[in-house]
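Below is one structure, written out as structure tokens; comments come after it.
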Amino acid sequence: MILVTKTSVSVGDRVSCKYPKHGTRNILVNRVGIVEKAGKGPAGPYVQLALDAGGYRTLSLSKAVDLVVS
């Protein structure tokens, strides 16, 4: 379990957030999926999502905007 500004994220949770396009741009895209893996790396906490649209993405929670966990 990872604590992110009063929000806890764990494996199996459904996550929805806005995330910078390609991880660095000033354009935000919606990412929605189920948490497959969660951990803490050198840049802070991260989650690996199985996206609803198919595929996987690893997101740094420090870059996530409007994070919703359900």
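For beta carbons closer than 8 Å, sequence separation of 6+ or different chains, a first residue in the range 10-27 that is charged (D, E, K, R) and a second that is part of a strand (DSSP E or B) and buried (at least 16 other Cβ atoms within 10 Å of the Cβ), the qualifying pairs are 13/35; 14/33; 14/35; 18/31.
Return the total of residues in the range 48-70 being farther than 12 Å from residue 16 by Cα and under 10 Å from the mean Cα position of the chain (by Cα).
From the range 48-70, those farther than 12 Å from residue 16 by Cα are 48, 53-58, 60, 62-63; that's our starting set.
If we keep only those that are under 10 Å from the mean Cα position of the chain (by Cα) too, we end up with 48, 57-58, 60, 62-63.
Total satisfying the criteria: 6.
Just checking: which of the strands (runs of 3 or more DSSP E) contained wholly in the chain hold 1 or more residues that are among the aromatic types (Phe, Trp, Tyr)? Full working, then the answer.
Numbers: elements: 2-4, 7-9, 14-20, 28-41, 44-51, 56-60, 65-69.
In the chain, 14-20, 44-51, 56-60 are the strands (runs of 3 or more DSSP E) which contain 1 or more residues that are among the aromatic types (Phe, Trp, Tyr).
Kindly indicate whether residue 11 is aliphatic (A, V, I, L, M), touching a Leu at 6+ places or on another chain (Cβ under 8 Å) and surrounded by 12 or more Cβ atoms within 10 Å (Cβ to Cβ). Talk me through it step by step, then tell me what you get.
Values: aliphatic (A, V, I, L, M): yes; touching a Leu at 6+ places or on another chain (Cβ under 8 Å): no; surrounded by 12 or more Cβ atoms within 10 Å (Cβ to Cβ): yes.
Taking the combined requirement at face value, the residue does not satisfy it.
Computed from the coordinates by the stated procedures, all read-outs in this text should not be read as laboratory data. Given the structure is predicted, the values throughout are model-derived calculations rather than measurements. Please note: Cβ atoms are built from the backbone with ideal geometry, for glycine as well, and neighbour counts cover all protein chains shown.
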